[in-house]
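Have a look at the structure below, then the notes.
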Amino acid sequence: MASQPVDGQSCSSVEQGILIVGLACLDIVNVASRFPEEDQDMRVDSQRWCRGGNAGNSSVILAQLGVSVEYFGTLARVPVTDIVTQDLARYGVLHNKCVYHTNCFTPTSIVIVNEASGSRTILHGNRSLPELTSEDFDKLDLSCYKWIHFEGRNITEVIKMVEKIRTYNKSCRRDEVITVSVEVEKPRNEYQKLFALGDVVFVSKDYARYHGYKTAVEALHGFSGLIKERAQLICAWGEEGAWGMDEDHHIHHSSAFPPDKLLETLAAGDTFNAAVIFCLWKGKSLQDTLSFSCRLAGFKCGIQGLDISGFKTS
């Protein structure tokens with residue numbers, strides 16, 4: 001049996017959507033003409049305070065692509081959190097089931113965007129906000145969702161959450177089964193446990209290099225023994241594009257689509273991940289999925305922020 005929704009409402013009459021689990025935080029983005037030197041006082045060209053976080057970013061992209069999407073994570077009950085929640089609401093991302101905590105701070109990233117190269121340097125701090133737990137996850141009505149994506153963090157609890165989805169799936173009809181995707185991003189050994197959890201697994205270039213792989217193809221073959229049967233494995237490799245391994249272990253590749261002028265790579269990876277989820281959700285082939293996702297990630301690198309209203313989907 002599915003758990004009961006926190007608001008007591010049934011999802012039977014609502015389109016099953018996508019749930020994104022992870023972090024939404026405050027980003028203080030400083031755009032500078034060049035990267036500062038150490039111990040230097042330098043004026044920035046512009047500064048913005050905005051919502052950030054891998055899961056928050058991917059949620060906003062998915063909402064703009066036209067699917068029903070919900071963000072689920074923990075939030076601090078402080079005024080600055082309004083920047084996060086108001087931005088989610090502006091794009092139509094549901095977030096009413098988020099877990100609020102008092103006596104803590106909103107996680108904050110200080111971002112330096114180098115206008116000369118488009119690179120972004122991130123200093124992230126999370127001093128006190130608790131991570132989401134499997135008990136928090138119990139409050140959800142899983143019948144509301146057709147796809148649940150987990151940002152790679154709080155590994156022990158994520159494993160428990162995925163186990164709950166697996167138990168739920170065993171009691172479902174085939175057309176009600178929830179697809180699970182996971183992101184393996186940070187170069188930490190414990191993240192290896194995530195590979196076996198997803199029907200779709202995103203592995204980052206940084207994580208692949210951390211394990212000694214020099215190319216995405218090497219990484220896909222190297223990590224293929226860790227994923228579950230019939231899972232798909234995705235690896236983006238920056239300016240070289242992205243590679244994917246399908247259910248039959250066939251390798252697919254799409255070149256990158258760089259913008260005419262590189263403005264900002266911040267959240268390009270989150271944009272790519274959201275695009276992959278969107279395409280696979282729509283039943284597209286892995287080859288078409290990689291091509292679309294690289295195009296959208298490239299478009300994002302040519303703008304500041306995450307408003308993709310100017311992107312042509314076809």
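Taking amide H as placed 1.01 Å from N in the peptide plane, the amide H of R51 sits under 5 Å from that of D27, each at least 5 places away or on another chain.
Give the carbon-plus-sulfur fraction of the accessible surface of the chain in %, rounded to a whole number; probe 1.4 Å, heavy atoms of protein chains only.
Summing carbon and sulfur atoms, their accessible area is 48 percent of the total for the chain.
For the chain, the per residue solvent-accessible surface stands at 48 Å², with DNA, RNA and ligands left out and a 1.4 Å probe.
For every other residue with a beta carbon closer than 10 angstrom to the beta carbon of A63, add +1 if it is Lys or Arg and -1 if Asp or Glu, then tell me the sum. So the surrounding residues net to 0.
From the alpha carbon centroid of segment 132-147 to that of segment 96-126 is 25 Å. Among beta bridges from DSSP that stay inside the chain, the antiparallel ones total about 40%.
Each residue of segment 198-214 in turn: what ³J(HN,Hα) in whole Hz from Karplus with 6.51, -1.76, 1.60 and θ = phi - 60°, glycine and Pro shown as x? Couplings: x, 6, 10, 10, 9, 10, 7, 4, 4, 5, 4, 5, 4, 9, x, 7, 9 Hz.
In order along segment 110-125, the Karplus-derived 3J(HN,Hα) couplings, from 6.51 cos²θ - 1.76 cosθ + 1.60 at θ = phi - 60°, round to 8, 10, 10, 9, 8, 4, 5, 10, x, 5, 10, 10, 10, 10, 10, x Hz, and Gly and Pro are given as x. Restricting the trypsin sites (Lys or Arg not before Pro) of segment 101-193 to loop positions (DSSP other than H, G, I, E, B) with no more than 15 neighbouring Cβ atoms within 10 Å leaves R127, K139, R173, R188. Distance between the C-alpha centres of segment 243-314 and segment 23-65: 20 Å, rounded to the whole angstrom.
Counting 0.36 nm for each residue step from S285 to S46 and taking away their Cα separation leaves a gain of 82.0 nm. Once backbone amide H atoms are built at 1.01 Å from N, L263 has G302, I303 as its partners under 5 Å, excluding neighbours fewer than 5 places away on the same chain.
When the trypsin sites (Lys or Arg not before Pro) in segment 199-308 are filtered for DSSP coil states and for at most 16 other beta-carbon atoms within 10 Å of their beta-carbon, the remaining sites are K214, K228, R230, K261, K282, K284.
Rounded to the nearest whole Hz, the Karplus-based 3J(HN,Hα) values (6.51 cos²θ - 1.76 cosθ + 1.60, θ = phi - 60°) of segment 249-262 follow the sequence 6, 7, 8, 10, 9, 10, 5, 6, 10, x, x, 4, 9, 6, with x at glycine and proline.
Restricting the calculation to Cα atoms, every distinct pair contributes to the Kirkwood radius of the chain, found to be 20.0 Å. Remark: the Cα gyration tensor places segment 47-147 in the oblate category, a/c being 1.5 or greater and a/b not exceeding b/c. Beta bridges from DSSP with both residues in segment 182-308: antiparallel share about 55 percent, rounded to the nearest 5. Amide H to amide H, with H built 1.01 Å from N, L132 comes under 5 Å of T74, counting only residues 5 or more places away or on other chains.
The values are calculated or read from the model by the stated rules, or taken from the named source; none is laboratory data. Here the structure is a predicted model, which means the values were calculated and not measured. Cβ sites come from the backbone with ideal geometry, for glycine too, and all protein chains shown count toward neighbours. Accessible surface areas use protein heavy atoms only, side chains included; no ligands, DNA or RNA. Shrake-Rupley method; radii C 1.70, N 1.55, O 1.52, S 1.80 Å.
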